[in-house]
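The values are calculated or read from the model by the stated rules, or taken from the named source; none is laboratory data. Worth saying up front: this structure is predicted, and the values here are computed from it rather than measured. As a convention, Cβ positions derive from the backbone with ideal geometry for all residues, glycine included, and neighbour counts pool all protein chains shown. Heads up: the accessible areas ignore ligands, DNA and RNA and are worked out on the full protein's heavy atoms, side chains in. Shrake-Rupley method; radii C 1.70, N 1.55, O 1.52, S 1.80 Å.
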Amino acid sequence: ILNVEQSPQSLHVQEGDSTNFTCSFPSSNFYALHWYRWETAKSPEALFVMTLNGDEKKKGRISATLNTKEGYSYLYIKGSQPEDSATYLCARSGGGADGLTFGKGTHLIIQP
Amino acid sequence: NAGVTQTPKFQVLKTGQSMTLQCAQDMNHEYMSWYRQDPGMGLRLIHYSVGAGITDQGEVPNGYNVSRSTTEDFPLRLLSAAPSQTSVYFCASSYSLRGAGMNTEAFFGQGTRLTVV
(Lines give C-alpha, C1' and ligand atoms only; values in the text may rest on other atoms or scores of the structure.)
Protein backbone atom coordinates (compact mmCIF):
# COMPACT_ATOMS: atom_id res chain seq x y z
CA ILE A 1 0.00 0.00 0.00
CA LEU A 2 1.41 3.36 -1.02
CA ASN A 3 0.66 5.89 1.71
CA VAL A 4 -0.61 9.35 1.01
CA GLU A 5 0.02 11.71 3.92
CA GLN A 6 -1.77 14.99 4.59
CA SER A 7 -0.82 17.68 7.08
CA PRO A 8 -2.03 19.16 9.25
CA GLN A 9 -4.88 16.88 10.32
CA SER A 10 -6.94 19.90 11.34
CA LEU A 11 -6.65 23.63 11.06
CA HIS A 12 -8.49 26.60 12.53
CA VAL A 13 -8.22 29.78 10.47
CA GLN A 14 -9.69 33.23 11.00
CA GLU A 15 -12.10 34.44 8.35
CA GLY A 16 -10.20 36.51 5.80
CA ASP A 17 -6.84 34.85 6.42
CA SER A 18 -5.09 32.75 3.81
CA THR A 19 -3.98 29.21 4.49
CA ASN A 20 -2.35 26.21 2.89
CA PHE A 21 -1.88 22.53 3.56
CA THR A 22 0.20 19.70 2.24
CA CYS A 23 -0.21 16.32 0.58
CA SER A 24 2.81 14.04 0.22
CA PHE A 25 2.81 10.86 -1.82
CA PRO A 26 5.15 8.26 -3.31
CA SER A 27 6.61 9.67 -6.51
CA SER A 28 7.26 6.31 -8.17
CA ASN A 29 4.71 5.10 -10.74
CA PHE A 30 2.81 8.38 -10.35
CA TYR A 31 -0.10 9.12 -12.70
CA ALA A 32 -2.28 11.84 -11.18
CA LEU A 33 -2.99 13.76 -7.98
CA HIS A 34 -6.55 14.64 -7.02
CA TRP A 35 -7.92 17.17 -4.51
CA TYR A 36 -11.49 16.89 -3.20
CA ARG A 37 -13.57 19.02 -0.85
CA TRP A 38 -15.81 17.09 1.49
CA GLU A 39 -18.48 18.98 3.41
CA THR A 40 -20.28 17.40 6.34
CA ALA A 41 -23.23 15.21 5.31
CA LYS A 42 -22.33 15.51 1.65
CA SER A 43 -20.16 13.51 -0.75
CA PRO A 44 -16.63 14.49 -1.81
CA GLU A 45 -16.47 16.85 -4.77
CA ALA A 46 -13.48 17.27 -7.02
CA LEU A 47 -11.44 20.46 -6.91
CA PHE A 48 -8.46 19.60 -9.08
CA VAL A 49 -6.82 16.74 -10.93
CA MET A 50 -3.17 17.33 -11.78
CA THR A 51 -0.76 15.17 -13.71
CA LEU A 52 2.32 17.17 -14.73
CA ASN A 53 5.26 18.21 -12.59
CA GLY A 54 4.99 21.93 -11.92
CA ASP A 55 1.24 21.99 -12.63
CA GLU A 56 -0.65 24.85 -11.00
CA LYS A 57 -4.44 24.98 -11.03
CA LYS A 58 -6.84 27.61 -9.74
CA LYS A 59 -10.55 27.75 -9.03
CA GLY A 60 -11.66 31.06 -7.55
CA ARG A 61 -9.80 31.59 -4.26
CA ILE A 62 -8.43 28.04 -4.20
CA SER A 63 -5.28 26.93 -6.00
CA ALA A 64 -3.00 23.91 -6.00
CA THR A 65 0.54 23.08 -7.06
CA LEU A 66 2.19 19.78 -7.85
CA ASN A 67 5.76 18.49 -7.54
CA THR A 68 5.89 14.94 -8.85
CA LYS A 69 9.66 14.55 -8.50
CA GLU A 70 9.66 15.07 -4.74
CA GLY A 71 6.11 13.80 -4.24
CA TYR A 72 4.11 16.67 -2.77
CA SER A 73 1.22 18.99 -3.55
CA TYR A 74 0.05 22.16 -1.80
CA LEU A 75 -3.50 23.46 -1.62
CA TYR A 76 -3.89 27.19 -0.99
CA ILE A 77 -7.00 29.08 0.06
CA LYS A 78 -6.86 32.86 -0.19
CA GLY A 79 -9.08 35.02 1.99
CA SER A 80 -10.84 32.16 3.81
CA GLN A 81 -14.64 32.31 4.07
CA PRO A 82 -16.96 30.31 6.36
CA GLU A 83 -18.13 28.26 3.37
CA ASP A 84 -14.56 26.97 2.98
CA SER A 85 -15.00 24.93 6.15
CA ALA A 86 -14.71 21.30 5.05
CA THR A 87 -12.36 18.35 4.95
CA TYR A 88 -9.92 18.51 2.06
CA LEU A 89 -8.82 15.15 0.69
CA CYS A 90 -5.96 14.42 -1.62
CA ALA A 91 -5.64 11.17 -3.53
CA ARG A 92 -2.97 9.65 -5.71
CA SER A 93 -3.48 7.55 -8.82
CA GLY A 94 -0.76 5.22 -9.98
CA GLY A 95 -0.31 4.05 -13.54
CA GLY A 96 -2.59 1.05 -13.24
CA ALA A 97 -6.33 0.63 -12.94
CA ASP A 98 -6.43 0.16 -9.18
CA GLY A 99 -8.09 3.44 -8.29
CA LEU A 100 -7.19 6.21 -5.92
CA THR A 101 -5.22 6.05 -2.67
CA PHE A 102 -6.58 8.72 -0.33
CA GLY A 103 -4.95 10.59 2.50
CA LYS A 104 -6.82 11.03 5.79
CA GLY A 105 -7.69 14.61 4.95
CA THR A 106 -7.18 18.06 6.47
CA HIS A 107 -10.19 19.28 8.44
CA LEU A 108 -10.43 23.05 7.96
CA ILE A 109 -12.55 25.24 10.23
CA ILE A 110 -12.97 28.92 9.39
CA GLN A 111 -13.71 31.03 12.46
CA PRO A 112 -15.70 34.25 12.00
CA ASN B 1 -28.27 14.58 -14.43
CA ALA B 2 -28.56 12.22 -11.49
CA GLY B 3 -24.82 11.46 -11.45
CA VAL B 4 -24.06 8.63 -9.02
CA THR B 5 -27.01 7.31 -7.04
CA GLN B 6 -26.52 5.15 -3.98
CA THR B 7 -29.19 3.37 -1.98
CA PRO B 8 -29.99 3.04 0.84
CA LYS B 9 -28.67 6.08 2.74
CA PHE B 10 -28.90 4.35 6.11
CA GLN B 11 -29.04 0.69 7.11
CA VAL B 12 -28.87 -1.28 10.33
CA LEU B 13 -28.06 -4.98 10.07
CA LYS B 14 -27.73 -7.78 12.55
CA THR B 15 -24.52 -9.79 12.59
CA GLY B 16 -24.73 -12.54 9.98
CA GLN B 17 -27.33 -10.86 7.78
CA SER B 18 -26.59 -10.16 4.14
CA MET B 19 -27.50 -7.14 2.07
CA THR B 20 -26.71 -5.34 -1.16
CA LEU B 21 -25.76 -1.70 -1.48
CA GLN B 22 -26.89 -0.35 -4.82
CA CYS B 23 -24.92 2.05 -6.99
CA ALA B 24 -25.94 3.42 -10.38
CA GLN B 25 -24.43 6.10 -12.59
CA ASP B 26 -25.81 7.75 -15.71
CA MET B 27 -22.60 9.27 -17.08
CA ASN B 28 -21.53 6.24 -19.13
CA HIS B 29 -18.38 5.91 -17.04
CA GLU B 30 -16.37 2.75 -17.46
CA TYR B 31 -14.65 2.93 -14.08
CA MET B 32 -16.62 2.35 -10.88
CA SER B 33 -15.42 1.69 -7.37
CA TRP B 34 -16.50 1.22 -3.77
CA TYR B 35 -14.78 2.83 -0.78
CA ARG B 36 -15.35 2.70 2.94
CA GLN B 37 -14.73 5.57 5.34
CA ASP B 38 -13.87 4.87 8.96
CA PRO B 39 -12.97 7.37 11.70
CA GLY B 40 -9.30 8.36 11.53
CA MET B 41 -8.80 6.58 8.21
CA GLY B 42 -8.77 7.78 4.64
CA LEU B 43 -11.21 6.41 2.11
CA ARG B 44 -10.15 2.82 1.48
CA LEU B 45 -10.84 0.98 -1.76
CA ILE B 46 -12.92 -2.20 -1.44
CA HIS B 47 -13.51 -3.30 -5.05
CA TYR B 48 -13.37 -1.68 -8.43
CA SER B 49 -14.40 -2.31 -12.03
CA VAL B 50 -12.89 -1.02 -15.26
CA GLY B 51 -15.92 -2.00 -17.33
CA ALA B 52 -18.88 -4.33 -17.61
CA GLY B 53 -17.93 -7.91 -16.81
CA ILE B 54 -14.65 -6.96 -15.11
CA THR B 55 -14.09 -6.54 -11.38
CA ASP B 56 -11.05 -6.60 -9.13
CA GLN B 57 -10.15 -6.35 -5.47
CA GLY B 58 -8.96 -3.22 -3.76
CA GLU B 59 -7.25 -2.72 -0.42
CA VAL B 60 -9.97 -4.17 1.85
CA PRO B 61 -12.07 -6.68 -0.13
CA ASN B 62 -12.72 -9.37 2.52
CA GLY B 63 -16.39 -9.90 3.31
CA TYR B 64 -17.63 -8.13 0.18
CA ASN B 65 -18.60 -9.23 -3.33
CA VAL B 66 -19.27 -7.16 -6.42
CA SER B 67 -20.49 -7.74 -9.95
CA ARG B 68 -20.73 -5.51 -13.01
CA SER B 69 -23.29 -6.82 -15.47
CA THR B 70 -23.96 -3.39 -17.00
CA THR B 71 -22.00 -0.16 -17.41
CA GLU B 72 -24.50 1.67 -15.19
CA ASP B 73 -24.71 -0.55 -12.10
CA PHE B 74 -22.13 -1.73 -9.59
CA PRO B 75 -23.75 -3.32 -6.50
CA LEU B 76 -21.78 -4.20 -3.38
CA ARG B 77 -22.85 -7.30 -1.46
CA LEU B 78 -22.14 -7.99 2.18
CA LEU B 79 -22.29 -11.76 2.47
CA SER B 80 -22.49 -12.15 6.27
CA ALA B 81 -22.36 -8.80 8.03
CA ALA B 82 -19.92 -8.31 10.90
CA PRO B 83 -19.58 -5.39 13.35
CA SER B 84 -16.21 -4.58 11.71
CA GLN B 85 -18.16 -3.64 8.59
CA THR B 86 -19.87 -0.77 10.36
CA SER B 87 -18.78 2.16 8.21
CA VAL B 88 -19.82 4.75 5.67
CA TYR B 89 -19.68 3.39 2.13
CA PHE B 90 -19.17 5.47 -0.99
CA CYS B 91 -19.57 4.47 -4.59
CA ALA B 92 -17.65 6.47 -7.19
CA SER B 93 -17.37 6.53 -10.95
CA SER B 94 -15.06 8.20 -13.41
CA TYR B 95 -14.12 8.26 -17.04
CA SER B 96 -10.94 6.24 -17.26
CA LEU B 97 -9.37 4.40 -20.12
CA ARG B 98 -9.40 0.70 -19.38
CA GLY B 99 -6.17 -0.25 -17.65
CA ALA B 100 -4.93 3.34 -17.27
CA GLY B 101 -4.59 5.53 -14.23
CA MET B 102 -7.24 8.03 -13.14
CA ASN B 103 -6.53 11.42 -14.69
CA THR B 104 -10.12 12.63 -14.50
CA GLU B 105 -12.20 13.42 -11.47
CA ALA B 106 -14.20 10.82 -9.57
CA PHE B 107 -17.90 11.44 -8.93
CA PHE B 108 -19.18 10.15 -5.62
CA GLY B 109 -22.57 8.99 -4.48
CA GLN B 110 -24.17 10.37 -1.32
CA GLY B 111 -22.92 7.52 0.84
CA THR B 112 -24.52 4.72 2.85
CA ARG B 113 -24.15 4.73 6.61
CA LEU B 114 -24.18 1.08 7.68
CA THR B 115 -24.34 -0.12 11.26
CA VAL B 116 -23.92 -3.80 12.09
CA VAL B 117 -25.08 -4.79 15.57
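Figures for the structure shown
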{"item": "B:Gln22, sole failed condition from (1) surrounded by fewer than 18 Cβ atoms within 10 Å (Cβ to Cβ); (2) within 13 Å of another protein chain (Cβ to nearest Cβ); (3) not hydrophobic (A, V, I, L, M, F, W, C)", "result": "(2)"}
{"item": "Residue that is most open to solvent (accessible area, probe 1.4 Å) [pool: residues in segment A:58-101 that are charged (D, E, K, R), more than 18 Å from A:Phe30 (Cα to Cα) and in contact with a strand residue (DSSP E or B) (Cβ under 7 Å, 6 or more places away or on another chain)]", "result": "A:Lys59"}
{"item": "Residue in segment A:32-47 that is farther than 23 Å from B:Tyr48 by Cβ and free of Cβ contacts under 8 Å to residues at least 40 places away in the same chain present", "result": "yes"}
{"item": "Looking only at segment A:22-57, and only at residues there that are of a type in the set (Phe, Trp, Tyr) and at pLDDT below 95, the one that is least open to solvent (accessible area, probe 1.4 Å)", "result": "A:Phe30"}
{"item": "B:Met32 surrounded by fewer than 17 Cβ atoms within 10 Å (Cβ to Cβ) and either of a type in the set (Phe, Trp, Tyr) or under 30 Å from A:Ser7 (Cα atoms) (or both)", "result": "no"}
{"item": "Segments classed as strands (runs of 3 or more DSSP E), wholly inside segment B:64-109, with at least 2 members that are within 14 Å of chain A (Cβ to nearest Cβ)", "result": "B:87-94"}
{"item": "Of all residues in segment B:25-49 being among the charged types (D, E, K, R) and in contact with a strand residue (DSSP E or B) (Cβ under 7 Å, 6 or more places away or on another chain), the one that is nearest to the other protein chains (Cβ to nearest Cβ)", "result": "B:Arg44"}
{"item": "Extreme residue, farthest from A:Pro44 (Cα to Cα), among residues of segment B:86-110 that are surrounded by fewer than 20 Cβ atoms within 10 Å (Cβ to Cβ) and under 13 Å from the mean Cα position of the chain (by Cα)", "result": "B:Val88"}
{"item": "Elements of type strands (runs of 3 or more DSSP E) contained in segment A:1-106, each with 3 or more residues being within 10 Å of another protein chain (Cβ to nearest Cβ)", "result": "A:30-38, A:45-50, A:86-94, A:100-102"}
{"item": "Verdict on B:Pro8 being more than 30 Å from A:Gln9 (Cβ to Cβ) and either touching a strand residue (DSSP E or B) at 6+ places or on another chain (Cβ under 8 Å) or open to solvent by 40 Å² or more (accessible area, probe 1.4 Å) (or both)", "result": "yes"}
{"item": "Set A:Leu47, A:Leu33: member being within 18 Å of A:Ile110 (Cβ to Cβ) and among the aliphatic types (A, V, I, L, M)", "result": "A:Leu47"}
